[in-house]
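The values are calculated or read from the model by the stated rules, or taken from the named source; none is laboratory data. The structure presented is a predicted model; accordingly, all values stated were derived computationally and were not measured. Glycine gets a Cβ as well: all are built from the backbone with ideal geometry, and neighbour counts include every protein chain shown.
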């Protein structure tokens, strides 16, 4: 069977049946346009790659429950929402950093804030330590070493796809490890 001859609707039916080749065809058809839209919006190659990868990972993970009538519209909406969510995350982080700077300059840290910061720090460390060794290495280089996918690939002598896989895997694990703090952080930001 030549998957290139199938329509989007036929490919969607096939991926619901766990057909990896159908998914591969969808990826071939749409990854470039998703990537370029994200790159145009962000101007950052690595970010566009990561968000594009996450969109397709999500499509595969949600293949059983997603009701998609028009694949291209679905993917382009996913691109838009992916970038919006990224911007929201940046805004939340920036608000948090600004708040912490304000609190530090006032030198009026309460015991509760110090305990919460210590608890968050311990949870981050615990989450990082729970990662498999290679995933932890990639995560540390990416998030704390500020290295690009290409630089990490060259440093660890693994493919760029492997680096993207480890970054995606580590971010999912850290989201789970820090899920309680994300809700608190969002509430905290809106209360400021």
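Considering only the range 125-138, I want to know if a residue exists there that is at pLDDT 75 or above, part of a loop (DSSP other than H, G, I, E, B) and under 26 Å from residue 47 (Cβ atoms).
From the range 125-138, those at pLDDT 75 or above are 125-138; that's our starting set.
Pick out the ones that are also part of a loop (DSSP other than H, G, I, E, B) and you get 131-132.
From what's left, under 26 Å from residue 47 (Cβ atoms): 131-132.
There is at least one residue in the range 125-138 that is at pLDDT 75 or above, part of a loop (DSSP other than H, G, I, E, B) and under 26 Å from residue 47 (Cβ atoms).
Annotation note: Cβ proximity below 8 Å between a residue of the range 54-78 that is within 13 Å of residue 33 (Cβ to Cβ) and a residue that is outside any helix (DSSP H, G or I) (sequence gap 6+ or interchain) occurs for 74/66; 74/68. In the condition set (1) in contact (Cβ under 8 Å) with a residue 60 or more places away in the chain; (2) surrounded by fewer than 17 Cβ atoms within 10 Å (Cβ to Cβ), residue 24 is compliant with all but (1).
At pLDDT 85 or above, within 25 Å of residue 42 (Cα to Cα), in a helix (DSSP H, G or I) and in the same structural domain as residue 44 (by TED's automatic domain parsing) - does that describe any residue in the range 148-164? Before you say what the answer is, go through the steps one by one.
Let us first name the residues in the range 148-164 that are at pLDDT 85 or above, namely 148-164.
From what is left, the residues that are within 25 Å of residue 42 (Cα to Cα) are 148-154, 159-164.
Subsequent filtering for residues that are in a helix (DSSP H, G or I) retains 149-154, 160-164.
After this cut, where a residue has to be in the same structural domain as residue 44 (by TED's automatic domain parsing) as well, the list is none.
Looking through the range 148-164, none of the residues is at pLDDT 85 or above, within 25 Å of residue 42 (Cα to Cα), in a helix (DSSP H, G or I) and in the same structural domain as residue 44 (by TED's automatic domain parsing).
A quick yes/no check of all residues on (1) under 21 Å from residue 149 (Cβ atoms); (2) part of a helix (DSSP H, G or I):
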| position | (1), (2) |
| --- | --- |
| 1 | no, no |
| 9 | no, yes |
| 30 | yes, yes |
| 35 | yes, yes |
| 67 | no, no |
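Checked against the criteria, residue 6 counts as within 19 Å of residue 70 (Cα to Cα), surrounded by 13 or more Cβ atoms within 10 Å (Cβ to Cβ) and without any contact (Cβ under 8 Å) to a residue 24 or more places away in the chain.
If you go through the range 54-63 one residue at a time, do you hit one that is modelled with pLDDT of 80 or more, more than 18 Å from residue 174 (Cβ to Cβ) and in a loop (DSSP other than H, G, I, E, B)?
Let us first name the residues in the range 54-63 that are modelled with pLDDT of 80 or more, namely 54-63.
With more than 18 Å from residue 174 (Cβ to Cβ) added as a condition, the list becomes 55-56, 59-60, 62-63.
Subset that is in a loop (DSSP other than H, G, I, E, B): 62-63.
Yes, that holds for at least one residue.
A single entry from 49, 25 fulfils the requirement of being over 19 Å from residue 172 (Cβ atoms), at pLDDT 80 or above and part of a helix (DSSP H, G or I): 25.
What about residue 74, is it at pLDDT below 70, part of a helix (DSSP H, G or I) and assigned by TED's automatic domain parsing to the domain that holds residue 20?
Considered against the rule, which asks whether it is at pLDDT below 70, part of a helix (DSSP H, G or I) and assigned by TED's automatic domain parsing to the domain that holds residue 20, residue 74 comes out as no.
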